[in-house]
Amino acid sequence: MEAIAICIQGLEEITKLEIKEIIKQKSETIIPSRIKFKIKEEKDLANFIYNTRSSIKVYKLITVLDFIDLEDLIKKVNIIKFPKIKSPFIVRCERIGEHPFNSLDIEKEVGNIINKDNKLKVDLKNPTTIILVDIINNKCFLGIDYTGIKLSKRNYRIKLIPNSLNSCTAYSMLRIAEVKEKDTILDPICKSGEIPIEAALYIQKIANGLKLSDQLAFTKLIKFKPKNKVKNKKLNIYAIDSSQNNLKCTEINSKIANVNKNIKFSRYELEWLDTKFEKNSVDKIITFPPYQTNNLPKQEVEKTYKELFYQSEFILKNNGIMTVLTPFPEIIEKYAVMHNFKKEIEYKINYMHQNFSILKFRK
């Protein structure tokens, strides 16, 4: 059996790392944001879904088709030998790219093909089986959706602000930064808290599926008893922001995630970080700083970057790591070089339908 994990484009390596860690399987990137991997049994797939933090959706693969147009696609779907489907079912289509048809057209056509003998019931609200038609340009992945929901929509994200960070991206930044249990971890511009919250959840091995289990589609298809390995640890995670509102959002979200006792919250301006932390005392700085927009001029942004790297050079340990998300990597790099940071790697990602970079620096 094979499965597909959908992840953020550009962060495929993080999802492949998780596949290896969780179910001990190799994987390959079929196209950007789509990772294919083998599963020995359906419980392996459920186990991966329950524990992954970088995946958006995961499904058991039926087949992959290349097509020219709608007529060609339907013709090819017609000759597929579908596996036994548990009733009631539904067909859902998700598309990326320009097509002369819509998702409803696909759902109707594929549904009619699967149920041509009229032996299956259709339930639009509470199906047992979700057939997923995942179309990217002229490639169609057909599968059985084992998630049912978007795994990136964490249940703790109640209090959000403009530019709140996607949780899968926040987690991926932590993995890029190579965070460890004993690290002192700092997000000095924490916004609504996704980075420190994901850090606390990841280090304590609190599975993403722990609070989602009743919503996951595989619970209607197979029996699966998760092995929760939660480890209560004393952590050194700091959530800092200059905005009291942002800090309040972070505190509320972390309380919902049940990790508020593992995070230290403080309201500080960037220029005062050296009064909060001693020289060479922080292992990892991971953050999503503001960037230039119509409402935020370049001059203000560069002032923030200059102060961020000035303070980071003082408080970060020698050989410490700084990981930054930005749509303007060249500006970030300019200030990193000025303050003796060396770029190790850059991940170019598609985030919020815009080109962003995750930059990893070492002091």
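Please pick out the residue among LYS182, LYS191, LYS108 that is more than 27 Å from SER281 (Cβ to Cβ) and among the charged types (D, E, K, R).
Values: LYS182 fails: more than 27 Å from SER281 (Cβ to Cβ); LYS191 fails: more than 27 Å from SER281 (Cβ to Cβ).
When all the criteria are applied, what remains is LYS108.
Can you say whether PHE265 is over 26 Å from LYS153 (Cβ atoms) and either in contact (Cβ under 8 Å) with a residue 12 or more places away in the chain or assigned to a loop (DSSP other than H, G, I, E, B) (or both), as far as the supplied structure shows?
Working: over 26 Å from LYS153 (Cβ atoms): no; either in contact (Cβ under 8 Å) with a residue 12 or more places away in the chain or assigned to a loop (DSSP other than H, G, I, E, B) (or both): yes.
No; evaluated as a whole, the condition is false for this residue.
For region 292-338, what are the residues that are in contact with a Leu (Cβ under 9 Å, 6 or more places away or on another chain) and of a type in the set (Phe, Trp, Tyr)?
Step one: filter region 292-338 for residues in contact with a Leu (Cβ under 9 Å, 6 or more places away or on another chain), giving 304, 307-308, 310-312, 314-316, 322-326, 329, 332-333, 335-336.
Matches in region 292-338: TYR310, PHE314, TYR335.
When you check ALA46 against the structure, is it in a strand (DSSP E or B) and among the small types (Gly, Ala, Ser), yes or no? Don't jump to the end; show me each part of the working.
On the way: in a strand (DSSP E or B): no; among the small types (Gly, Ala, Ser): yes.
Here the answer is no, as ALA46 does not meet what is asked.
Based on this model, can you work out whether SER242 counts as in contact with a Leu (Cβ under 8 Å, 6 or more places away or on another chain), surrounded by fewer than 17 Cβ atoms within 10 Å (Cβ to Cβ) and modelled with pLDDT of 95 or more?
yes
Hey, could you check region 155-173 for residues that are assigned to a loop (DSSP other than H, G, I, E, B) and among the hydrophobic types (A, V, I, L, M, F, W, C) and say which is farthest from ALA207 (Cα to Cα)?
Pass one, region 155-173, residues assigned to a loop (DSSP other than H, G, I, E, B): 155-166.
Going one step further and asking which of them are among the hydrophobic types (A, V, I, L, M, F, W, C), we end up with 158, 160-161, 165.
Numbers: ILE158: 19, LEU160: 22, ILE161: 25, LEU165: 19 Å.
Residue satisfying both the conditions and the ranking: ILE161.
For region 127-138, indicate whether the set of residues that are more than 14 Å from the chain's Cα centre (by Cα), modelled with pLDDT of 95 or more, surrounded by fewer than 21 Cβ atoms within 10 Å (Cβ to Cβ) and charged (D, E, K, R) is non-empty.
no
State whether one or more residues within region 292-304 are surrounded by fewer than 22 Cβ atoms within 10 Å (Cβ to Cβ), polar (S, T, N, Q) and in a strand (DSSP E or B). Lay out the reasoning, then the answer.
Pass one, region 292-304, residues surrounded by fewer than 22 Cβ atoms within 10 Å (Cβ to Cβ): 292-304.
From what's left, polar (S, T, N, Q): 292-295, 299, 304.
Those left that are additionally in a strand (DSSP E or B): none.
Within region 292-304 (the criterion being surrounded by fewer than 22 Cβ atoms within 10 Å (Cβ to Cβ), polar (S, T, N, Q) and in a strand (DSSP E or B)), the answer is no, since none of the residues qualifies.
Among the residues that make up region 91-114, is at least one of them more than 23 Å from ASN138 (Cβ to Cβ) and at pLDDT 95 or above? Lay out the reasoning, then the answer.
Taking region 91-114 first, the residues more than 23 Å from ASN138 (Cβ to Cβ) are none.
There is no residue in region 91-114 that is more than 23 Å from ASN138 (Cβ to Cβ) and at pLDDT 95 or above.
The values are calculated or read from the model by the stated rules, or taken from the named source; none is laboratory data. No experiment lies behind these values; they were computed from the predicted model shown. Reconstructed Cβ throughout: ideal geometry from the backbone, glycine too, with neighbour counts over all protein chains shown.
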